[in-house]
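Notes follow the structure.
Every number here is computed from the coordinates shown, using simple stated rules; none is lab data. What you see is a predicted model; the values in this text were computed from it and never measured. Counting neighbours? That spans all protein chains shown, and the Cβs are built from the backbone with ideal geometry, glycine included.
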Amino acid sequence: MEKGDIIAIFGREPSLSLWELDRILNVPEFRLLSRELAIFPSNGKVNEVDLQKRAGGLIKIGRVQGEAESLEQLEVLLEKSWPDLIPAGSTARVNFGASAYDAGLGPDRKFRQELGRQMQRLKKYLTTNGRSARLVESKEPTLQAGALVQGKILKQGFEILVLRTPEKIFWGTTETVQDIAQYGFRDFGRPSRDSLSGMLPPKVAQILINLAKAKTGEFLLDPFCGSGTILQEAVLIGIRKVCGSDISQKAVADSKKNLEWLKKNYPDLKDCSMEIFESDIKNLLEKIKPASADVVVTEPYLGPPQKGRAIAGNIAPLVSALSRQYVLWLEILAKLLRPTGRIAMVWPYFRLENHGYFLQIQESLNQIGLKIIAPPPALLNLPWFKSTPRGTLLYSRPDQVVGREIVLLAKNV
């Protein structure tokens, strides 16, 4: 590792976060990969702020500052370096904290306890040298985005990232943090939300768009647009031509209202082309020219809500019916897609009594002219990287019966 290398800290779904990062940057070489983070060279091409805004799966981004043989040596380095870590011109109280990452070695309680004591000594050192200081601590080994924002750490101080590897201890500083207030604003601040039909989180919408490698000049289609979350996140990361449709009149009205709200709150979006109309997907070929969509990003109908205790006997016929429906939808999407186009979409899967029920449509993909794009072998071969046998990734909460299978498709040409 070298000074200036990028440190990308993953969210709660590390496999999905890493795949998204790889699709955004096409990183030729990762210097370090673990369940918690990735480190890779910047080569002067990575802007942390832009990457943080775009990547839904990264909670923090930092840079490597140096290395140490031990925590004792790290303490000496920090005592020398702290004036350079504080925002330029700041005379306010120094708010700071530290996060420890084990880089695949497994947790080391003694190491983390000693790091905590070291941070206490650094606080004392700062106050002895005439600076008011506040140490922001957590019961967890790492500080989360909320703690950094609420503690004003990046505005008035610094966060130290300590990376323990088999050879050495590397340390860095956090440069940006996920803007959880903005995500909340774009989710809960919109005028129209429909929790009954299911809500795709803005972060997941971002991840889907990035997996599809949507580019600024491309045409993005969401044929199940719901309340417009995917369209919203697409234009925010620079896609200037988007189109959404839905069979529900209410969903179309919600999307239009939400995108008008978005343009008022984000003035830079006024030059975007955003078309939304009511249509069953079966009729889309009458409204959209075949082979015209560069990217399709969508979350279709996932089936009826599974409230209470779902019964296995009911799930099997539901999966069979949904599989047939999705095949019909994919046939239409394949005709709308350009030869070089990509589809990033959600398929439902069901978890019941430690058993997973998945859509049975893989054999139909060849006939439709589509193929699944799996993560590259370099990621699939990581011992902690979780994917399905067919090269898709899963996203769900532990208590959910209906989960999301994240699927990336391309034309089979």
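List of remarks:
- Residue exposure sequence - CYS272, CYS225 - by fewest surrounding Cβ within 10 Å: CYS272, CYS225
- Choice from GLU20, GLU159, GLU137 showing the highest fluctuation, given a GNM over the chain with Cα pairs closer than 10 Å: GLU137
- By the beta-carbon count within 10 Å of each Cβ, the least crowded to most crowded order of LEU154, LEU328, fewest first, is LEU328, LEU154.
- Inter-site label distance for GLN182 and TYR301 at 7 Å from Cα along Cβ, in nm: 3.6
- By other beta-carbon atoms within 10 Å, ranking GLU48, GLU72 with the fewest at the front produces GLU72, GLU48.
- Computed on segment 257-413, with alpha-carbon pairs under 8 angstrom and 6+ residues apart, the relative contact order is 26 percent.
- The spread of Cα positions in segment 119-216, taken along each principal axis and listed from longest to shortest, comes to 56, 35, 30 Å.
- Of SER323, SER15, SER227, the one that fluctuates the most in a GNM where the chain has Cα springs shorter than 10 Å: SER323
- Computed extension gain for VAL413 through TRP384, at 0.36 nm per residue and net of the alpha carbon distance, reaches 7.2 nm.
- Legend: distances between Cα atoms for LYS168/LYS203; LYS139/LYS264; LYS53/LYS257; LYS213/LYS270; pairs beyond 31 Å are LYS168/LYS203; LYS139/LYS264.
- Fraction of the pair-distance distribution of the chain above 33 Å, Cα-Cα pairs, percent: 40
- The alpha-carbon atoms of segment 6-178 define a convex hull whose volume equals 115 cubic angstrom per residue.
- Among beta bridges identified by DSSP and lying wholly in segment 6-178, the antiparallel ones come to about 70 percent.
- GNM remark for the chain: springs join alpha carbons under 10 Å apart, and the peak mean-square fluctuation among GLY172, GLY403, GLY369 falls on GLY369.
- Its Cα gyration tensor gives segment 184-411 an equivalent ellipsoid. The semi-axes, each the square root of 5 times an eigenvalue, are 27, 21, 18 Å from largest down.
- With contributions of -39500 (n - 2.57) from each DSSP H run of at least four residues, the per-residue ellipticity at 222 nm computed over the chain stands at -10500 deg cm²/dmol.
- Centre separation in Å (Cα based) which lies between segment 225-260 and segment 270-285: 9
- The aspartates and glutamates whose alpha-carbon is closer than 19 Å to the alpha-carbon of LYS45, local same-chain residues fewer than 8 away aside, are GLU2, ASP5, GLU20, ASP22, GLU29, GLU175.
- Shown for segment 356-413 is the translational diffusion coefficient from the Stokes-Einstein equation, using the Kirkwood radius over Cα pairs, a temperature of 25 °C and a viscosity of 0.890 mPa s: 191 µm²/s.
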